[in-house]
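Read the structure below first, then the notes.
Just so you know, all these numbers are worked out from the coordinates, no wet-lab data involved. Treat the numbers as computed from the prediction; the structure is a model and nothing was measured. As a convention, Cβ positions derive from the backbone with ideal geometry for all residues, glycine included, and neighbour counts pool all protein chains shown.
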Amino acid sequence: MVHADSNTSNSGTLFVVATPIGNLEDITLRAIRTLKDVNLIAAEDTRRTRKILAHFKIDTPIVSFHDHNKESRASDLIRNLKKGAHIALVTDAGTPSVSDPGFYLVRAAVSESIPVVPIPGVSAITAALSISDLPTDSFTFIGFLPRKPKKRRELLEGLKAEPRTLIFYESPYRMLTLLHELFEVMGDRKAILAREMTKLHEEIVRGRLSVLMERLEDGLPLKGECTLLIEGHDRRDDWDIDSIREDFLRLRKKTDLSFSELVNVLARLRGVPRRVVYEEALKIKEGV
């Protein structure tokens, strides 16, 4: 039977279970075991979840938990958890509570000191990021933008100077609109559009925002929620590269410092990341 090592009370445990975003083979053995062993499964889309359960011969009872019933259903689920029931939370696809009503139940469980245990697995965010060829050491997940144009614009304007890779979720019906908005606010940045991930017709569309817009305007079919990644703001645009190069040449003539020391000194003097100074200094050294 499922259990949580940290559960010292008589309450049950809420298991946050990741399920496939397309290919059923992506489910983990631990997820299958958990879904079989819990007393109840709370699913955002019961029809979709029942297909997964049927495929793996899981007959655990299932109830719906979505945006329209989350408040009333959360109360029922918390009541059952307090009585000792173990419950698995699953989303439409992927990892629950990420841009998802599951967050509401997780927060309610935590507020009642009910153990919450992750059963990790597929996530559209990490799946798309891993093959994006954009920087992955630091990124910002935005999720779905507000529907109202004014609020969408304000949010995008606030992200304009964000240097980290930006990740959006969007409906296929609004993707072209989002691309146009991003282009207007942030310029023609490098982007990756992931659609039908892990499925038979999976496609990763790469190019600048203008290229992606052209593909969609030419009739590129989109189905299901899409994941869009765009490069962050290149802060080198904010620095006067020519003057940095001039300062480096001047310092090189006036001092006996080594190449590395010159880079460090100039980075401190200009208040610019060492990486930027190093790249420009290296170009000078190599005659570029």
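Points worth noting:
- Once the C-beta distance of Lys51 and Lys223 is scaled by a Förster radius of 22 Å, the resulting FRET efficiency is 0.85 to the nearest 0.05.
- Rounded FRET efficiency, nearest 0.05, which uses the C-beta distance separating Asn264 from Thr126 and R0 of 41 Å: 0.70
- Computed FRET value (nearest 0.05) for Glu162 with His201, which takes r as the C-beta separation and R₀ as 35 Å: 0.65
- Set against the labelled values (i) 1.14; (ii) 1.31; (iii) 1.25, Cα Rg over 2.2 N^0.38 Å computed from this structure falls on (ii).
- Adding -39500 (n - 2.57) for every DSSP H run of four residues or longer, then dividing by how many residues the chain holds, sets the calculated 222 nm ellipticity at -12500 deg cm²/dmol.
- Partners of Lys51 within straight-line reach, counting lysines whose Cα lies under 16 Å from its Cα and excluding those fewer than 8 residues away in the same chain: Lys36, Lys199.
- Full extension of the chain between Arg107 and Leu249 gives 45.4 nm of extra length, using 0.36 nm per residue less the Cα-Cα distance.
- In the chain, Cα pairs under 8 Å separated by at least six residues give a relative contact order of 17 percent.
- The stretch 39-96: C-alpha gyration tensor shape, a/c 1.5 cut-off, then a/b vs b/c: oblate
- Tail fraction, Cα-Cα pairs, the stretch 98-211, threshold 18 Å, whole percent: 59
- Listed peptides 76-83, 36-43 appear in the order 36-43, 76-83 once ranked by packing, highest mean of other Cβ atoms within 10 Å at the front.
- Extending 7 Å from the Cα toward the beta-carbon at both Arg147 and Ser171 defines two label points whose distance is 0.7 nm.
- Computed lengthening from Asp240 to Thr140, 0.36 nm per intervening residue step minus Cα-Cα distance: 33.3 nm
- Within the straight-line cut-off of under 20 Å between alpha carbons, the lysines reachable from Lys283 are Lys253, Lys254, sequence neighbours fewer than 8 places apart in one chain being disregarded.
- Short-range pairs are left out: with C-alpha atoms under 8 Å and at least six residues apart, the relative contact order of the stretch 237-285 is 42 percent.
- Percentage relative contact order, the stretch 137-269, counting C-alpha pairs under 8 Å, at least six apart: 26
- Mean-position separation - Cα centroids, the stretch 195-227 and the stretch 229-288, in angstrom: 38
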